[in-house]
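Heads up, the thing below is written out as structure tokens.
We did not get these values from a lab; they are worked out from the coordinates using the rules stated. These figures come from a predicted structure and were not determined experimentally. Every residue, glycine as well, gets a Cβ built from its backbone with ideal geometry; the counts of neighbours run over all protein chains shown.
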Ligand SMILES: [Zn+2]
């Protein structure tokens with residue numbers, strides 16, 4: 001077993017490398033006014049693509065996070081002089097994991113909501129990248145075997161991912177769980193004579209014409225989640241990162257969201273990209289927003305892959321380009337809707353939007 005020493009200099013090089021590593025496009029969602037989701041905000045993203053060439057690139061607060069762990073020295077990618085003389089050294093053995101990076105290190109979730117950071121383990125050719133996930137407080141948030149964090153009750157806790165082969169190497173996400181009520185200005189009153197669920201050809205519809213009852217609160221549909229997990233694994237095998245940035249959203253949450261968008265953009269503009277409460281497909285638990293939730297997602301390999309393959313897993317791209325007058329929403333490459341594989345294929349093969357396929361409208365009555 002070959003042992004090596006590595007020093008702060010090498011670690012600095014690793015940090016620079018990580019700052020330069022291309023991550024999935026569009027971690028810059030903070031500038032985009034769209035979007036339905038500020039659960040994982042961009043300022044919490046550890047890796048920005050912009051500062052790549054800037055002098056300030058190497059060490060942001062989050063980027064310094066993996067400092068508890070070590071970089072592989074086999075092929076130092078950049079010659080960087082030591083930035084500090086702090087005597088940080090350690091040894092490692094071949095085959096071990098030396099660094100774990102996450103796509104974010106802080107997240108705020110509402111109770112019931114889920115979010116999953118993407119893990120990258122180094123060295124990239126490590127034979128065993130198995131992960132072990134734990135929560136410091138399962139009363140606050142739980143985490144499954146693949147890192148899907150679900151908020152349980154208000155409070156704060158830490159979710160840790162460790163390398164199974166090198167358990168001393170880990171990364172952590174600080175999780176803050178808030179109650180949905182905190183987001184609202186006032187509890188939304190139930191629609192009087194509340195709406196009923198609308199199924200057309202067995203498909204649950206939520207659009208501008210058809211609303212969901214305000215107390216319809218199913219959470220993420222387990223079949224949709226399972227289908228997504230499969231799709232995510234298949235994409236990962238091709239080296240592509242797809243992840244859910246926004247999944248189920250309750251009526252009340254959507255009410256707060258829509259209200260903020262109206263304040264920001266005015267009602268007419270907000271209606272182009274944000275659903276009024278009861279009209280959001282996210283309330284069905286069958287819709288997911290992927291990755292960066294902005295238009296740059298359309299230019300990524302991830303999107304090309306999702307577009308080509310999502311129907312196999314039961315999803316459609318719900319709001320395609322050029323169909324705003326039909327779907328009621330501007331182009332949203334990131335928003336997919338679960339229909340089950342059979343129906344998703346039929347709809348996709350038809351080349352139609354869901355509204356056209358079912359022969360229905362999507363228009364607010366007022
Ligand atoms: Zn969406």
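Descriptive notes on the structure:
- Virtual paramagnetic centre 7 Å along Cα→Cβ of residue 217, amide N under 19 Å, in the stretch 108-130: 109-115
- Distance (nanometres) between label positions extended 7 Å along Cα→Cβ at residue 179 and residue 272: 3.8
- Inter-label distance, nm, simple model (7 Å from Cα along the C-beta direction), residue 234/residue 264: 3.3
- Modelled label reach - residue 295, point 7 Å along Cα→Cβ, the stretch 268-287 residues with backbone N closer than 17 Å: 269-274
- Net length gained if the chain between residue 308 and residue 156 were fully extended (0.36 nm per residue, minus Cα distance): 50.8 nm
- Peptide ranges 229-242, 201-214 listed from the most packed, as the mean C-beta count within 10 angstrom indicates: 201-214, 229-242
- Global geometry of the stretch 105-245, whether rounded, prolate or oblate, following the gyration tensor of its Cα atoms and the 1.5 cut on a/c: oblate
- For the listed peptides 99-107, 131-139, 167-175, a ranking on the average number of other beta carbons within 10 Å per residue, highest first, reads 99-107, 167-175, 131-139.
- Cα-based shape type of the stretch 183-358, given that a ≥ b ≥ c are square roots of the gyration tensor eigenvalues and the cut on a/c is 1.5: prolate
- Across the stretch 130-184, the mean sequence separation of Cα contacts (distance under 8 Å, 6 or more residues apart), normalised by length, yields a relative contact order of 33 percent.
- Prolate/oblate/rounded call for the stretch 222-306, Cα gyration tensor, a/c under 1.5 rounded: oblate
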